[in-house]
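The values are calculated or read from the model by the stated rules, or taken from the named source; none is laboratory data. These numbers were taken from a predicted model, which means no experiment stands behind them. Don't worry about glycine lacking a Cβ; one is built from the backbone with ideal geometry, like all the others, and counts go over all protein chains shown. Calculation scope for accessible area: heavy atoms of the full protein, side chains included, ligands and nucleic acids excluded. Shrake-Rupley method; radii C 1.70, N 1.55, O 1.52, S 1.80 Å.
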Amino acid sequence: MKHWRKIVSLSLAVLLFLSSVAMISAEEIKQEQATLLLVPLDDRPANVYFPQKVGASAGIEVISPPKEMIGKFTQPGNGQEISKWLLENGDQADGFVISTSMLAYGGLVASRTGVKSLEEATKDIQVIKELKKLYPEKPVYVFDTIQRLAVTAISDEYLKYYSLISEWAVLYDKVVNLGMPGKERLEVLESTIPATVLEDYKKARARNHTVNNLMIDWVNEGYIDHLILAQDDAAPYGLHRAERELLLQKVNQLDVEDQVAVFPGADEVGVVLVSRFVNQLYKTSPAFFVEYGGVHGKDWIAPFEDTTFDYNVQKHIVSAGGRVVDNEEDADIHLLLNTPSESGTPRSEDIEELVARTNGLTTSGKQVAIGDVLIVNKADEAFVTELAETVDLTKILAYSGWNTAGNALGITVGHAAARIAFLEQESGFGVPLYEQAAESHYEFLLHRFAKDQGYKNVVHPAARAYIGQIGASEWDLGNKYDLVNSFVKDKLTNETEKWYQYFDDKEVYIGSRGNKDFYKTISSLENVHVNLPWPRIFEAELEPELDLE
């Protein structure tokens, strides 16, 4: 009997030991430095997947509400349920990044309609104040949008109004606000656009502007630590211009310039504020040295934007937790921006110089981030093709060419600033966390090239042609969704595998602890997830999974 008891005791001891080892192993595998709750602008990859991967590349877990809460396409999110989710999970979070557009209206598309009243819109954003009262020490970052010129192209009919309302909004600003010519055309537009469509547009603008103002008040009252008012697709003239000037005037009057940023953009802001959280957590502020591969930012206003590009660069860097330096020697990150060529300068010369500059910096061990801001909605194919053939892509810190110049800029800056903040922590982290963060970093980097070049320049045009053959609309696939989705999956998976060849078998630095540097080898492309998130082909989900050994 005593012998049996000894065996049982020994067995229990072994089990307890193995259990403790398992617990330690689990802690080593999952040991993020902080958890951030993100209320996204909507459910598209740019607003959920991008911030999550950027956070993960810096050792941060970014958690968004369940999909059913944040809506999809024209189905708005549920601000009331999201508010409850924030309050129920707030104690587990280290900070908050919150889209007012999602809380107040149900997302970006819903914010462009006047369906929700001002009273309804302001009800669900009260949770922002509650969070700050409950957790005064936790950063609360908020972003709102200044409504764009156009309505959302949710159908072919709305696509017609897209152009007409944009023209009307620009002309109204010129004729009524600034006394410029164009009254006759303005009257034609007002008689052409259905009154119900125009009134809904005006109603949404007035409501949104009131909420923009309220967010500035909440900064002044201490409920919001940093606010970004992002100007959605715009132009130098339009109703937004006067709205923006009034908002900036209020910011100056309340003396909250250091806490409120107003700049062109929208879909990149989640990434920018995740980066800000990362840099606050690690007590860093990376120095950016900015170079232009074409015209200087002070001489260029990008399409869909209303300020010179150098202003936008400065604002994005500061909001992401970084700073701009004038001396190259002081730089933590070299930000290279692919802008239009000067008049008379051959494009090939600028591309060659930009690629050579990238290669020179990366081979000398410098950190390089590339904002491919030249072309709206896609990579500059000639540039990225030569870049991939000349430069080791795994040595590039960040890249984006997605959507507007401001979107591409913010994704690049946010990814670069967050990643470098993590890598430069002198105390060092455990190897499992280094490996976990590195996988996320290189997965997102591969995603950027495969998405911005492979999808936008190769798959998207092919899908458009295919849609024409089967008789569907690219803005509403309807019952053709499964056919088009399958087509996109096959084509984009192939493109991702092509771009993976530039990453395959590359030894990559993942971090240091003390005097020891750690490296891993990118050994395989384990999986490629592709899906059309909305019943249109403008954007696609692309989530590659890499294995590092």
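Short-range pairs are left out: with C-alpha atoms under 8 Å and at least six residues apart, the relative contact order of the chain is 13 percent. Across segment 181-198, coupling constants 3J(HN,Hα) worked out from phi with the 6.51/-1.76/1.60 Karplus curve, θ = phi - 60°, read x, x, 4, 5, 5, 4, 5, 4, 4, 5, 8, 8, 6, x, 4, 5, 5, 5 Hz, and Gly and Pro carry x. Simple spin-label estimate for residue 242 and residue 123 gives 3.1 nm between the two label positions (7 Å along the Cα-to-Cβ direction from each Cα).
Close amide H pairs (under 5 Å, H built 1.01 Å from N) link residue 72 with no residue at least 5 positions away or on another chain. Computing FRET efficiency as 1/(1 + (r/R0)^6) for residue 259 and residue 465, where r is the C-beta to C-beta distance and R0 is 45 Å, gives about 0.40. Take residue 350: with every protein chain present and a 1.4 Å probe, its accessible area is about 20 Å². Residues whose amide H lies under 5 Å from that of residue 143, counting only those 5 or more places away or on a different chain, are 98, 99, 100, 228; hydrogens are built 1.01 Å from N in the peptide plane. Label separation (residue 356 vs residue 501): 2.7 nm, computed from points 7 Å beyond Cα along the C-beta direction.
Under a point-charge model restricted to the Cβ atoms of Lys and Arg (+1) and Asp and Glu (-1), what is the dipole moment magnitude of segment 397-455 relative to its Cα centre, in debye to the nearest 20?
Values: 3 positive and 6 negative charges, 51 e Å.
Dipole about the Cα centre, nearest 20: 240 debye.
May I ask you to compute the full-extension gain from residue 183 to residue 364, defined as 0.36 nm times their residue separation minus their alpha-carbon distance, rounded to one decimal in nm?
On the way: separation 181, 0.36 × 181 = 65.16 nm, distance 5.87 nm.
The span from residue 183 to residue 364 would gain 59.3 nm if fully extended.
Over all other residues within a Cβ to Cβ distance under 13 Å of residue 235, the charged ones net out to -2, with Lys and Arg as +1 and Asp and Glu as -1.
For segment 171-250, what does the alpha-carbon gyration tensor say about shape, rounded, prolate or oblate, given a ≥ b ≥ c as the root eigenvalues, a/c under 1.5 as rounded, and a/b over b/c as prolate? Because a/c hits 1.5 or more and a/b exceeds b/c, segment 171-250 counts as prolate.
With R₀ set to 25 Å, the beta-carbon distance separating residue 200 from residue 75 gives a calculated FRET efficiency near 0.90.
Straight-line cross-link reach from residue 506 at under 18 Å between alpha-carbon atoms covers these aspartates and glutamates, not counting any fewer than eight positions away in the same chain: 389, 392, 435, 439, 443, 497, 517, 526, 545, 547, 549.
Cross-linked pairs 53/480; 53/129; 250/283; 67/129; 451/516: Cα-Cα separations exceed 26 Å for 53/480; 53/129; 250/283; 451/516.
Of interest is the spacing of the C-alpha centroids, which for segment 466-509 and segment 77-127 amounts to 32 Å.
Peptides 516-529, 324-337, 52-65, 232-245 ranked from most to least packed give 52-65, 232-245, 324-337, 516-529, packing being the mean of other C-beta atoms within 10 angstrom over each peptide's residues. Remark: spin-label model distance residue 347-residue 191 equals 4.2 nm, labels positioned 7 Å along the Cα→Cβ axis. Dipole of the chain computed with +1 at Lys/Arg Cβ and -1 at Asp/Glu Cβ about the Cα centre; of 406, 89, 338, farthest Cα towards the positive end is 89. Couplings for segment 32-44, taken from phi via the Karplus curve 6.51 cos²θ - 1.76 cosθ + 1.60 with θ = phi - 60°, read 4, 7, 6, 10, 10, 8, 10, 9, x, 5, 6, 8, 5 Hz in order; Gly and Pro are left as x. To put it simply, the accessible area of segment 51-108 at a 1.4 Å probe is 42 percent carbon and sulfur.
According to the square roots a ≥ b ≥ c of the eigenvalues of the Cα gyration tensor, what is the shape class of segment 238-302, taking rounded for a/c under 1.5, prolate for a/b larger than b/c otherwise, and oblate for the remainder?
Working: a/c = 1.91, a/b = 1.13, b/c = 1.69.
Here segment 238-302 falls in the oblate category.
Looking at the chain alone, DSSP beta bridges between its own residues are antiparallel in about 30 percent of cases. Between amide H atoms placed 1.01 Å from N, distances below 5 Å from residue 265 occur with 231, 232, all of them 5 or more places distant or on a separate chain.
Computed from backbone phi, the HN-Hα couplings of segment 538-546 come to 4, 10, 9, 6, 9, 10, x, 10, 10 Hz, rounded to whole numbers (Karplus: 6.51 cos²θ - 1.76 cosθ + 1.60, θ = phi - 60°; Gly and Pro given as x).
Helix 481-500 and the longest principal axis of the Cα set of the chain meet at an angle near 60°. Surface composition of segment 150-268: carbon plus sulfur atoms contribute 51% of the solvent-accessible area (1.4 Å probe, protein chains only, all chains present).
Ligands, DNA and RNA are left out, and with a 1.4 angstrom probe the accessible area of segment 254-293 is 30 Å² per residue.
A simple charge model with +1 on the Cβ of Lys and Arg, -1 on the Cβ of Asp and Glu and nothing else charged puts the dipole of the chain at about 1400 debye relative to its Cα centre.
Projecting the Cα atoms of 231, 76, 210 onto the dipole axis of the chain, where Lys and Arg carry +1 and Asp and Glu carry -1 at the beta carbon, places 76 farthest toward the positive end. Protection proxy ranking, highest mean first, for peptides 287-294, 385-392, 435-442: 435-442, 287-294, 385-392, where packing is the per-residue count of other beta-carbon atoms within 10 Å, averaged.
Please label the shape of segment 57-204 as rounded, prolate or oblate, based on the square roots a ≥ b ≥ c of the eigenvalues of the alpha-carbon gyration tensor (a/c under 1.5 means rounded; beyond that, a/b larger than b/c means prolate, else oblate).
prolate
The angle between the Cα long axis of helix 2-29 and the longest principal axis of the Cα atoms of the chain comes to about 30 degrees, rounded to the nearest 10. Charge dipole of segment 45-127 (Cα centre as origin; +1 on each Lys and Arg Cβ, -1 on each Asp and Glu Cβ, all else neutral): 380 debye, rounded to the nearest 20. Applying 0.36 nm per residue to the separation of residue 84 and residue 210 and subtracting their alpha-carbon distance, the gain on full extension is 42.9 nm. Helical runs assigned H by DSSP (4 residues or longer) give the chain a calculated mean residue ellipticity at 222 nm of -15500 deg cm²/dmol, each run adding -39500 (n - 2.57) before division by the residue total.
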